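The values are calculated or read from the model by the stated rules, or taken from the named source; none is laboratory data. Note that the coordinates shown come from a computational prediction; the quantities given were computed from them, not determined experimentally. Here the Cβ positions follow ideal geometry from the backbone for every residue, glycine too, while neighbour counts run over all protein chains shown.
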Amino acid sequence: MASSNAASRQPRHPLLTCALAVLLFIFIDEAAFRTGWYQAKVSVFSSSPSTLLTMSRWEQSHVTPGMREIAIIGNSQLDEAFYPPAFTQQNPNFPYHIVRLTAPGTWPRSWYYLLKSLDPTRRRFKEILVSSDGYKVIQDYRPLPDDFQEAVNILPLVPISDWLEFIESYPGWQNRLKIATILLFPSHAYAADIQDVILHPKIRLSEYGDAYDKYHFQPWKFEINDSVNVSLAGFAMDPKTCKVLAMPLDDPSIEGGLLAATTNFYNHDQREENERRNADFDVFWYTKILQMYQGSPTKIIFLQVPNMPAPFCNMAPLPDAPDIRDELPKMPNLSFLDPVMFAKLNQPQYFRDEIHLNLQGQSLFTAELGDYLIKSLSGGQS
Amino acid sequence: MSFVSILFLLAAGAAACLHYALPARFRVAYLLALSYGFYATWSLPYLALLLAASALVYLAGQRIAAVPGEGQKKLFLGAGIGGLLALVIAFKLAGEIRGMLFPLGLSYYSFKLIAYLVEVYWDDSVCEPDFWAFMLYPAFFPQIVSGPIQRPLEFFTQLRRQAMARADYAQIEAGMRLILGGLMLKLLIADRLNAFIAAVELQPASYNHQIILLEACCFTLQLYADFAGYTNIAIGIGKLFGITAPPNFAAPFAASNIQEMWRRWHMSLTSWVTDYLFMPLQMALRGLGHVSTILCITISMVVIGLWHGLTCNFLVFGLCHAVFVSATALTAKLRRRIFGIHVVTRVIGYGIGVPLTFVAMTFSQLFWRTVTWANAMQHINLVFGRTPCGTLGWEGMRTEVAEPVMICMALAAYFGAGAPGLRWLAGRIGLIVPAWVQYGLALLLISTLTIEAGSSFIYGQF
């Protein structure tokens with residue numbers, strides 16, 4: 001009897017215990033974070049990952065058949081510039097459904113994986129309008145290409161077969177190790193968000209309730225930032241000296257952004273190097289998107305979003321800055337919208353801060369791009 | 001390679017599996033190769049230093065055991081200890097004066113090697129004949145970064161046993177528990193407290209007095225959570241390979257006086273100092289009464305202080321503790337007379353002693369944690385209100401830094417006081433929830449509750 005008790009107390013083989021523990025951890029990790037459950041149900045609308053995930057889950061399950069969809073893909077600049085509900089209201093008979101795939105803080109790397117997950121046959125969209133900060137690449141606020149947050153944003157959309165390539169796209173072995181860790185254990189990527197939920201459960205739960213009541217998880221109902229009514233009208237600077245001549249607003253955060261754009265904040269000394277780095281990154285991922293749609297009936301159209309309320313000395317491209325139009329592969333289904341089309345919107349009165357359009361700018365941009373869509377899809381322009 | 005990196009933990013797990021798959025005769029060589037490989041990821045030139053120091057001490061040990069005369073033994077012992085101390089002092093001075101990088105674990109492996117020489121001097125039978133087994137003693141990778149300082153006889157006995165035996169499942173599982181516990185202490189508690197301390201240290205003069213006092217206490221708790229976390233991981237990894245290192249902590253915050261605290265804090269170092277310095281000194285000076293006690297305590301505590309670094313601040317840290325420990329030793333009878341008369345007075349004495357001990361420890365840490373004397377004085381002046389404090393409160397730091405501080409301080413204090421009731425609770429939970437579920441959930445906690453800007457182990461610098 002004693003020996004049988006002793007035998008029953010024998011510990012399980014440690015390898016088995018270890019394996020079971022790791023399997024349990026992986027199971028919870030995958031179920032909660034890889035499937036997008038956490039991002040959609042807990043972290044709802046609080047961040048770019050949840051926006052991207054919610055959007056992608058919705059669009060995966062709401063396909064309009066017969067290539068009757070137009071995708072608009074980009075980051076906050078296009079997100080705040082083009083407002084599909086306004087366009088649909090003005091053009092109720094427009095025969096295509098606009099799929100809004102814009103999320104703040106995302107870059108071409110995210111857009112590639114987003115499109116790959118949403119359009120596995122490459123025959124879903126009639127056209128894909130891809131945002132570009134500038135055809136002539138500028139040095140700007142982008143944290144590329146080692147942006148950890150971008151990996152967090154896109155994590156559940158990266159298929160296992162692309163893991164190696166995704167890891168390799170980050171420079172340095174330490175970055176790659178970090179990315180590999182969160183690809184393997186996605187819960188780790190959302191650690192900061194989980195901790196925020198634990199620390200502020202009431203606020204986060206009420207955010208969830210509000211978001212649910214307001215949007216019912218329909219991505220095109222996302223409202224843009226509340227501060228869009230702000231206008232930079234009256235802002236003036238000397239384009240030669242970059243000296244601010246007039247600063248009409250009394251908002252420290254907007255003023256801070258404007259001053260940063262007019263001073264040496266963006267590493268003036270490494271400007272060429274930064275432009276090249278940004279260009280390499282953009283060209284690499286835009287090319288991936290183009291290669292994905294090689295031979296597809298989908299048209300890929302690049303557009304340059306209005307991005308400068310004034311000719312900021314340190315952000316405006318250098319005369320010999322790389323131009324993505326020259327560097328991207330030539331393809332029959334690729335075109336670039338003429339930047340002149342939206343150039344008139346590069347005025348302070350249409351901006352709410354140094355890079356985003358305000359409501360007035362959005363209204364004009366939506367109308368302009370809408371006109372183009374109507375003309376091009378009726379065969380008038382391509 | 002850090003103990004808390006996923007790469008290290010995966011590699012350690014795989015290495016342990018391979019260890020038991022190997023024939024017994026290759027295990028020592030395998031562990032030695034692993035240990036040198038681990039060290040080489042940090043620095044190749046300093047690996048050569050480790051090899052040279054170990055080999056020379058091996059030869060010195062052989063000579064001490066072989067020579068017949070006491071004088072010759074003393075000569076080799078003195079040469080060995082002198083050489084090792086000179087090495088430590090030279091690198092510490094080079095670090096202080098010229099900013100030279102201190103060899104990883106030198107303070108630890110040199111103390112291990114000194115312990116070996118002294119033990120061989122005391123008893124020839126301790127002399128390890130197997131060169132490769134001996135070379136593993138200072139280099140054993142779970143212990144090389146920051147200890148614990150394991151005694152030679154204990155190490156070699158276990159090494160021989162593990163080389164012959166099959167895997168001990170109970171020991172391996174205990175190791176896994178320790179690793180998980182250590183990771184939680186480090187990543188979930190110490191790193192969070194570190195974020196708070198770092199935020200205050202950025203602009204100490206801006207914060208109000210309450211925050212300054214809290215931050216001073218917080219450092220003692222962080223140091224405990226950080227070092228105890230490291231120690232648990234180190235002991236746990238050692239157990240995976242069949243080697244159990246001595247503990248470093250035994251509920252230090254439950255100590256009711258500073259003397260008792262030192263018996264519970266960094267125990268492998270304090271027991272080393274007690275056995276190889278304090279006791280021989282006391283034997284030599286035993287005719288001097290109280291003077292002998294004070295002298296031996298002072299020398300021991302100064303050595304402990306300077307072992308961390310040859311700076312004025314560490315010297316003052318040692319002297320502070322010399323005063324505290326001497327005062328505790330000299331008033332032992334008096335305290336027993338006052339507080340020992342009844343259970344109520346004993347409880348009162350304990351109630352006064354525990355917080356006083358913590359305060360004394362926290363005060364001395366103001367010297368320990370600062371690099372320069374001016375920096376120490378700045379901290380002390382702020383803590384004692386001699387320099388006007390700022391007005392900034394909790395609002396001066398990010399909410400994710402400020403909000404968990406009190407919970408983490410309470411948890412560090414709870415674990416530092418021996419986690420009363422935890423063993424009972426764990427036993428109850430263990431009856432219902434299988435171990436693998438507990439470990440799986442612990443992994444999830446570690447994965448989701450760590451902070452982005454984790455810090456390296458504080459004792460890694462010594």
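Pick from B:Leu443, B:Leu382: which is more than 14 Å from every other protein chain (Cβ to nearest Cβ), part of a helix (DSSP H, G or I) and either under 26 Å from the mean Cα position of the chain (by Cα) or touching a residue at least 24 places away in the same chain (Cβ under 8 Å) (or both)?
Result: B:Leu382 is the single residue among B:Leu443, B:Leu382 that is more than 14 Å from every other protein chain (Cβ to nearest Cβ), part of a helix (DSSP H, G or I) and either under 26 Å from the mean Cα position of the chain (by Cα) or touching a residue at least 24 places away in the same chain (Cβ under 8 Å) (or both).
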Q) With respect to the numbered conditions (1) in the same structural domain as B:Leu306 (by TED's automatic domain parsing); (2) buried (at least 24 other Cβ atoms within 10 Å of the Cβ), which one is the sole condition not fulfilled by B:Gly147? A) (1)
Q: Take the residues in the stretch B:107-122 that are in contact (Cβ under 8 Å) with a residue 60 or more places away in the chain and of a type in the set (A, V, I, L, M, F, W, C), then tell me which one is farthest from B:Leu49 (Cα to Cα).
A: B:Val118
Q) Among the numbered criteria (1) within 11 Å of chain A (Cβ to nearest Cβ); (2) in contact (Cβ under 8 Å) with a residue 40 or more places away in the chain; (3) surrounded by fewer than 16 Cβ atoms within 10 Å (Cβ to Cβ), which single criterion is violated by B:Pro404? A) (3)
Q) Applying the selection to the stretch B:220-247, what residues are modelled with pLDDT of 95 or more and in contact with a His (Cβ under 6 Å, 6 or more places away or on another chain)? A) none
Q: Please name all residue pairs, on different chains or six or more residues apart, with Cβ atoms under 8 Å, provided the first residue is in the stretch A:274-294 and is in a helix (DSSP H, G or I) and the second residue is of a type in the set (Asp, Glu).
A: A:Asn278/A:Asp140; A:Ala279/A:Glu327; A:Val283/A:Glu327
Q) How many residues, within the stretch B:418-439, are within 13 Å of chain A (Cβ to nearest Cβ) and part of a loop (DSSP other than H, G, I, E, B)? A) 2
Q. Going through the stretch A:148-194 one residue at a time, which ones are within 14 Å of chain B (Cβ to nearest Cβ) and among the β-branched types (Val, Ile, Thr)?
A. A:Val152, A:Ile167, A:Ile179, A:Thr181, A:Ile182, A:Ile194
Q: Looking only at the stretch B:16-23, decide whether some residue is among the aromatic types (Phe, Trp, Tyr) and either touching a residue at least 40 places away in the same chain (Cβ under 8 Å) or crowded, with 18+ Cβ neighbours inside 10 Å (or both).
A: yes
Q: Confirm whether A:Ala279 is modelled with pLDDT under 90 and touching a strand residue (DSSP E or B) at 6+ places or on another chain (Cβ under 6 Å).
A: no
Q: Report, ordered by the first and then the second residue, all pairs with beta carbons closer than 8 Å, sequence separation of six or more or different chains, a first member in the stretch A:166-186 that is in the same structural domain as A:Asn153 (by TED's automatic domain parsing), and a second member that is polar (S, T, N, Q) and in a helix (DSSP H, G or I).
A: A:Phe185/B:Ser447
(Q) Condition first: under 22 Å from the mean Cα position of the chain (by Cα) and of a type in the set (Lys, Arg). Can you find one or more residues in the stretch B:321-340 that meet it? (A) no
Q) Among B:Thr362, B:Thr298, B:Thr345, B:Thr293, which is assigned to a helix (DSSP H, G or I) and touching a Cys at 6+ places or on another chain (Cβ under 6 Å)? A) B:Thr362
Q) When you look at A:Gln195, is it at pLDDT below 85, surrounded by fewer than 23 Cβ atoms within 10 Å (Cβ to Cβ), polar (S, T, N, Q) and under 20 Å from the mean Cα position of the chain (by Cα), yes or no? A) no
Q: Could you please let me know if B:Gly396 is touching a Pro at 6+ places or on another chain (Cβ under 9 Å), of a type in the set (Gly, Ala, Ser), in contact (Cβ under 8 Å) with a residue 60 or more places away in the chain and assigned by TED's automatic domain parsing to the domain that holds B:Tyr207?
A: no
Q. Here are A:Leu303, A:Leu364, A:Leu345: which of them is modelled with pLDDT of 90 or more, of a type in the set (A, V, I, L, M, F, W, C) and within 18 Å of A:Glu127 (Cα to Cα)?
A. A:Leu303
Q) Given the conditions (1) within 12 Å of chain B (Cβ to nearest Cβ); (2) touching a residue at least 60 places away in the same chain (Cβ under 8 Å); (3) not hydrophobic (A, V, I, L, M, F, W, C), which single one is not true for A:Pro145? A) (1)
